[in-house]
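Have a look at the structure below, then the notes.
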Amino acid sequence: MITIKDFAETKFYGMGTQMAYRAIGRRSEKALRAVQAASHRLERLLSRFIPESDIARLNCAAGVRCENISAETFAVLREALRLSELSDGLFDPTVGPLVDVWDYKHAVSPPADKTIKEAVSIVNFRDLELHTGDQTGFLKKCGQSLDLGGIGKGFASDCFMQIFKKCGLSSAFSNIGGNVSTLGSRPDGSAWRVGIRHPRNEGLIGAVEVINQAVVTSGDYERFFTDRFGRRYHHILNPRTGYPAMSGLISVTIVCDSAITADALSTAVFVAGLDIGIELIKKIPTTQAVLIDKDLNVYFTAGLRGGLRISTNHQSILI
């Protein structure tokens, strides 16, 4: 951790990615220690790869029994269901079986069609039951599993912003593997500038300026493999088809007040494509977006006008 008077920053690995934080204020060092502790706690609750986590236990009990879960796990799953309903299942936290059969860390070829169809048959967010009274959760069908890869980091980001606020900070920045949240403005009063990665070349295609907002990007360049025929398969799966989304979009950046909303919505809009994606964005007031299609056309919402910088090599279109 690097500390200067009323300023501290740190980097560490957690939740499967690199994390970076910057905090400004008298208790900045204490705030970063609290954030690091919270990140470890949330990972132990929400990672399906940790056997004793809430999510792993829910997955193991699928079709068999309810499981008691923490208040934080209950909160993230409740929000996941809300956003699944809003997107008509284009974002779906029960996508675990599909993630498993594609196995991007080791795959060199796509799964068999039959295997994909079998996995799709048990992907359905409506099969996740949450019981408020005893704070339990239940997956209705054997073989179902939750994967919070499309929402967990957003939930964590929102939690970290609350920690910064409780520590009395008015300016802070977090970056969880490209999932960015900001508290207030920069110390000099200017907006934070968050880069948007070019989906096909090195470097950035642009940047957005934000204050007190989250910026989350989903792109087909983040994780993918190429088979022996040179065909490329990215990791953003369409829960309805079981295959990588082929919507015409290759990058979706969502800017809004809530990182958990931005996280799930960036996935849903990527799967939906330009026209349906725009309608989804309109469902959440104050949400803004930058959408890039396969021809590298850049579409942006009116609320970003004045705070968006796009490379002059690319056409930008107001939507």
Checklist outcome for this item: Flagged pairs (Cβ under 8 angstrom, 6 or more apart or on separate chains; first in the range 154-166, β-branched (Val, Ile, Thr); second modelled with pLDDT of 95 or more) are Ile163/Ala31; Ile163/Ala34; Ile163/Val35; Ile163/Ala38
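Any idea which residue in the range 179-194 is nearest to Leu45 (Cα to Cα), counting only those that are within 20 Å of the chain's Cα centre (by Cα) and open to solvent by less than 40 Å² (accessible area, probe 1.4 Å)?
To start, the set of residues in the range 179-194 that are within 20 Å of the chain's Cα centre (by Cα) comprises 179-183, 192-194.
From what is left, the residues that are open to solvent by less than 40 Å² (accessible area, probe 1.4 Å) are 179-183, 192, 194.
On the way: Asn179: 19, Val180: 21, Ser181: 21, Thr182: 24, Leu183: 25, Trp192: 31, Val194: 29 Å.
Among those residues, the one meeting the criterion is Asn179.
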Checklist entry - Which condition number in (1) touching a Ser or Thr at 6+ places or on another chain (Cβ under 8 Å); (2) without any contact (Cβ under 8 Å) to a residue 40 or more places away in the chain is the one that Gly203 fails? => result (1)
Item to check | Ser258 open to solvent by less than 20 Å² (accessible area, probe 1.4 Å) and of a type in the set (Gly, Ala, Ser) | outcome: no
Checklist entry - Looking at the range 208-217, which of the residues that are part of a strand (DSSP E or B) and open to solvent by 10 Å² or more (accessible area, probe 1.4 Å) is nearest to Ser157 (Cα to Cα)? => result Thr217
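Inside the range 264-299, can you point out the residues that are part of a helix (DSSP H, G or I) and of a type outside the set (Val, Ile, Thr)?
Here is the first cut: in the range 264-299, the residues part of a helix (DSSP H, G or I) are 264-272, 274-282.
Of everything in the range 264-299, those that are part of a helix (DSSP H, G or I) and of a type outside the set (Val, Ile, Thr) turn out to be Ala264, Leu265, Ser266, Ala268, Phe270, Ala272, Leu274, Asp275, Gly277, Glu279, Leu280, Lys282.
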Checklist outcome for this item: Exception for Pro239 within (1) open to solvent by less than 30 Å² (accessible area, probe 1.4 Å); (2) over 19 Å from Val123 (Cα atoms) falls at (2)
Item to check | In the range 21-46, the residues that are touching a residue at least 60 places away in the same chain (Cβ under 8 Å) and open to solvent by 20 Å² or more (accessible area, probe 1.4 Å) | outcome: Arg22, Ile24, Arg26, Arg27, Lys30, Ala34
Checklist entry - Residue check: is Pro93 more than 30 Å from Ile24 (Cα to Cα), out of contact with any Ser or Thr (no Cβ under 8 Å at 6 or more places or on another chain) and not aromatic (Phe, Trp, Tyr)? => result no
Next on the checklist: Given the criteria part of a loop (DSSP other than H, G, I, E, B) and modelled with pLDDT under 95, does Arg48 qualify?
Outcome noted: no
Checklist entry - Which numbered condition trips up Ala264, out of (1) within 17 Å of Leu83 (Cα to Cα); (2) of a type in the set (A, V, I, L, M); (3) open to solvent by 10 Å² or more (accessible area, probe 1.4 Å)? => result (3)
Item to check | Pair list, Cβ < 8 Å and 6+ apart or interchain, from the range 135-152 residues that are within 13 Å of Asn59 (Cα to Cα) and acidic (Asp, Glu) to residues that are modelled with pLDDT of 95 or more and assigned to a helix (DSSP H, G or I) | outcome: Asp147/Gly96; Asp147/Val99
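Please state which one of Gly303, Gly248, Gly307 is at positive phi and either surrounded by fewer than 19 Cβ atoms within 10 Å (Cβ to Cβ) or over 16 Å from the mean Cα position of the chain (by Cα) (or both).
Gly248
The values are calculated or read from the model by the stated rules, or taken from the named source; none is laboratory data. Bear in mind the structure is a predicted one, so any value in this text is a computation, not a measurement. For neighbour counting, all protein chains shown are included, and Cβ atoms are generated from backbone atoms with ideal geometry for every residue, glycine included. What goes into the accessible areas is simple: the full protein's heavy atoms, side chains included, and nothing from ligands, DNA or RNA. Shrake-Rupley method; radii C 1.70, N 1.55, O 1.52, S 1.80 Å.
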